[in-house]
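Have a look at the structure below, then the notes.
The values are calculated or read from the model by the stated rules, or taken from the named source; none is laboratory data. Just so you know, these numbers come straight off a predicted model, no measurement behind them. Reconstructed Cβ throughout: ideal geometry from the backbone, glycine too, with neighbour counts over all protein chains shown.
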């Protein structure tokens, strides 16, 4: 449960977080196996799977037109590392923006400075 809470704090919905954690011990699962592990409703599982597939966290395996299982090559540590990298990049970009604002502010008339 602690890891699900961590993923939720990182911006994942409860459904996505639970599905990601279902893959921690097994790389390939069917939606019914995910339901057994997570206790989530089928619609929540499918919504989470399709969304996570768009994000590149899971992929599906199919036979003909039918999806038979889902697999994940990315584990929690990889996801968190990616999020940390993105957050650091955002912080660096924000620092540069703040510095530019300070630079412009120092050149502005006094009544417009902050």
Could you list, in sequence order, the residues of region 21-34 that are surrounded by 12 or more Cβ atoms within 10 Å (Cβ to Cβ), out of contact with any helix residue (DSSP H, G or I) (no Cβ under 6 Å at 6 or more places or on another chain) and assigned to a helix (DSSP H, G or I)? 33
Which ones in region 35-44 are part of a helix (DSSP H, G or I) and either under 17 Å from residue 25 (Cβ atoms) or modelled with pLDDT under 90 (or both)? 35, 36, 37, 38
Given the conditions (1) modelled with pLDDT under 90; (2) outside any helix (DSSP H, G or I), report the number of the one that residue 80 does not fulfil. (2)
Can you go through 58, 67 and tell me which one is in contact with a strand residue (DSSP E or B) (Cβ under 6 Å, 6 or more places away or on another chain) and modelled with pLDDT under 75? 67
